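First the structure, in the form of structure tokens, and then the observations on it.
The numbers here are math on the coordinates, done by the rules we state, and not lab data. What you see is a predicted model; the values in this text were computed from it and never measured. With ideal geometry, Cβ positions are generated from the backbone for all residues, glycine too; neighbour counts draw on all protein chains shown.
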Number of protein chains: 2
Amino acid sequence: MIIGIDMMGGDYAPMEAVKGIKLYLSANLRPGRLLLIGDKVQIQALLKEHSISEDLISIVHADEIIGMHEHPTKALKEKQKSSIAIGFHLLASGKMDAFISAGNTGAMLVGALFSIKALEGVIRPAISSIVPKTGGGTGLILDVGLNADCKPEHLNQFAIMGSVYAQLVLDVDNPKVGLLNVGEEEGKGNLLTQATYPLLKENKHINFIGNIEGRDVLLDKADVIVCEGFTGNVILKMAETLYDIGQTRNINDEYLNRFNFENYGGTPVLGVAKPVIIGHGISGARAFMNMIRLAGIMIEKEVMKKMKEELA
Amino acid sequence: MIIGIDMMGGDYAPMEAVKGIKLYLSANLRPGRLLLIGDKVQIQALLKEHSISEDLISIVHADEIIGMHEHPTKALKEKQKSSIAIGFHLLASGKMDAFISAGNTGAMLVGALFSIKALEGVIRPAISSIVPKTGGGTGLILDVGLNADCKPEHLNQFAIMGSVYAQLVLDVDNPKVGLLNVGEEEGKGNLLTQATYPLLKENKHINFIGNIEGRDVLLDKADVIVCEGFTGNVILKMAETLYDIGQTRNINDEYLNRFNFENYGGTPVLGVAKPVIIGHGISGARAFMNMIRLAGIMIEKEVMKKMKEELA
């Protein structure tokens, strides 16, 4: 397997990407090659500086960089020699099996949706986030921002994609799917959740447990939390502040520490044909290591293939 | 001023309501009379047991109780002798100036919307919640559940109602209004927030600071957070679990402790003609005391009158 990494994306690129690669290789987490995309001279110098052997590494030079605040579609179109554009070209043409970047999120999403395309049958790809549960487990919430407005059939597919991901990547057996809502009983909710409930109830591909409320998000009630990307995004960003609050206030609590996004690395785009993982702009070495690790798992477990089967 | 209290509402009624009244009267927080609605024999026995003087107290007997899980509209209609039905009757006919209950939330909302009616010009009343800010201040978020689906003009009115409340009740000078969204820039968001932004921008009655994101909810960026009742409800219920997490995990942190709803007591219905405050079913003495206190402030500061002026 070949995992492609945008070395120029993120606030601390390429340094932290290189350090993340070192962590990954030292831990000998998985076999397979890494394909580093970016400024070749800079990358080679950093690899040398950090005594990283190039045995498992190839470098593809990229002349340009898409900045964090550039317009995604415009930048991708005009900067064909950027690390992100080259990455998607390599991924689409089968030269690599997954693509990771902590760069311009919009450009990564546009690339994922238009270079790689959706899995057959997927109406709307989604992005998901890990939810640390108070009971010790790990849940998944989706969509967390790709689709600010959704229809019931989108949420129904998110439930399937989330279940496959939870099962294969998070090792949750027969994941419990909850519909995020404002009340527990069937019939509660806004127009969207009211119309989504019956679809989830009849969906044979998932283990639907009914509505869950805001108070259940961090509890063990559901493993996969389904919602539109507006509410999901607000929750995700609010949850991320829990870690900051813990740090700022010197609360050294194991649970709050689990909200540190570096533990998870990045957000995979679900519903596209190949693994694309988008990291935070402020990704450090640990986040990069975890993104590479996640890409490896997604390739090895054939997550996309399983999703396609379940969605058929 | 006369503050009416449903003595039969809530999981620990009427005991905790009585204890709350004792706390309120002992603190001598504000003048005015309390009108207690419920089983007269029970209430009198409890007042005596807790050595509460009846000087500032009147009791109106109620034969029936609306249970926590009864159908709101049906129960209100059929149980005319219930404490909630009598309370709304007394409030509507001017026999009291505010009504508090920790009973059936749905029945309280139906009563507030149909017995008391909306303030002139208000399209949709809303319920709000206090947001403890990491900087020490206190913000407000609305709607938190009354309107699961909203239109831009609803959110525009929530901004005005929230601003008046924040100014008069929370003592925030020229409150900063933020539109809860998935991105900071104008133009970001779902269809609703995209269409709401220009209305808020042109609204002369508020101090609009633009979009805020999930990561800003607990920070000082905005004093009044405007959103539809779906997202608001999810956030509110999720935030309430922060207190529980703090307790369960023995994190004795001042900030997390502020998420204890007992500090605030209850949720006022904003946009109706008179103060109606709805408490949690699990309200204890402290929550009752704070609800009575809040009702007093809302009457004294003429919050509804000011809202009506700003909305005109």
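Computed from Cα atoms, the angle from the helix B:83-92 axis to the main principal axis of chain B rounds to 70 degrees. Each copy carries a label point for B:N263 at 7 Å from Cα toward Cβ; from one copy, the others' points are 2.5 nm away, ordered from shortest. Spin-label model, B:D63 to A:Q194: label points 7 Å out along the Cα-to-beta-carbon direction sit 3.5 nm apart. Go through the stretch B:1-62 and name the GluC sites (Glu not before Pro) that are in a DSSP coil and have 15 or fewer other Cβ atoms within 10 Å of their Cβ. Here the GluC sites (Glu not before Pro) that fit, given the DSSP loop and packing criteria, are B:E54. Of the two radii for chain B, the radius of gyration is 0.97 times the Kirkwood radius, both from the alpha carbons; that is the Rg over Rh value.
Over the protein assembly as shown, one equal point on each Cα, no solvent: what is log10 I(q)/I(0) by the Debye formula at q = 0.05, 0.10, 0.11, 0.12 Å⁻¹? For the requested q values the scattering log ratios are -0.26, -0.89, -1.03, -1.18. With Cα atoms as the point set, the stretch B:213-265 shows a radius of gyration and Dmax of 12.0, 34 Å. Among A:C150, B:C227, sorting on how many other beta-carbon atoms sit within 10 Å of each Cβ, with the fewest leading, yields A:C150, B:C227. Expressed per residue, the C-alpha convex hull volume of the stretch A:198-312 stands at 138 Å³.
Per residue, chain A reaches -12000 deg cm²/dmol at 222 nm when only DSSP H runs of four or more residues are counted, each adding -39500 (n - 2.57). With the label put 7 angstrom out from Cα along the Cα-to-Cβ vector, B:D149 ends up 1.3 nm from the copy partners, going from closest to farthest. Legend: ranking of residues B:V224, B:V144 from fewest to most surrounding C-beta atoms inside 10 Å; resulting order B:V144, B:V224.
Straight-line cross-link partners of B:K301 among the aspartates and glutamates, defined as a Cα under 13 Å from its Cα and at least 8 positions apart when in the same chain: B:D97, B:D171. Of the GluC sites (Glu not before Pro) found in the stretch A:135-229, those that fall in a DSSP loop while having at most 13 other beta-carbon atoms within 10 Å are A:E184, A:E185. Computed from phi, the 3J(HN,Hα) profile of the stretch A:299-308 under the Karplus parametrisation 6.51, -1.76, 1.60 (θ = phi - 60°) reads 6, 4, 7, 6, 4, 5, 5, 5, 4, 4 Hz, with x in place of Gly and Pro. Distance from the alpha carbon centroid of the stretch A:82-127 to that of the stretch A:203-262 works out to 26 angstrom. Taking every DSSP bridge with both residues inside chain A, close to 30 percent are antiparallel.
Ordering A:D149, A:D6 from the fewest to the most neighbouring beta carbons within 10 Å gives A:D149, A:D6.
With the label put 7 angstrom out from Cα along the Cα-to-Cβ vector, A:K74 ends up 5.9 nm from the copy partners, going from closest to farthest. Within the protein assembly as shown, antiparallel bridges make up roughly 30 percent of the DSSP beta bridges whose residues both belong there.
Expressed as an acute angle from 0 to 90° and rounded to the nearest 10, what is the orientation of the C-alpha long axis of helix A:15-27 relative to the principal long axis of chain A? Compared with the principal axis, the helix lies near 80 degrees. With only Cα atoms counted, the stretch A:123-260 has Rg and Dmax values of 14.5, 47 Å.
Kirkwood hydrodynamic radius of the stretch A:71-160, from the reciprocal of the average inverse Cα-Cα distance over all distinct pairs: 14.8 Å. I'd like the FRET efficiency for B:Q44 and B:I123, computed as 1/(1 + (r/R0)^6) with the beta carbon distance as r and R0 of 60 Å, rounded to 0.05. With R0 = 60 Å, the Cβ-Cβ based efficiency is 0.90. For the set A:K201/A:K274; A:K22/A:K74; B:K48/B:K79; A:K221/B:K133; B:K274/B:K306; A:K204/A:K305, the pairs lying more than 22 angstrom apart at their alpha carbons are A:K201/A:K274; A:K22/A:K74; B:K48/B:K79; A:K221/B:K133.
Which angle from 0 to 90°, rounded to the nearest 10, does the C-alpha axis of helix B:40-49 make with the longest principal axis of chain B? The angle comes out near 90 degrees.
Two decimals is fine: what is log10 I(q)/I(0) at q = 0.14, 0.21 Å⁻¹ for the stretch B:1-70, from a Debye sum with one equal scatterer on every Cα and no solvent? Results for the stretch B:1-70 at q = 0.14, 0.21 Å⁻¹ read -0.39, -0.87.
Within the shell defined by Cβ-Cβ distances under 10 Å, the residues around B:S283 carry a net charge of -2, with Lys and Arg each +1 and Asp and Glu each -1.
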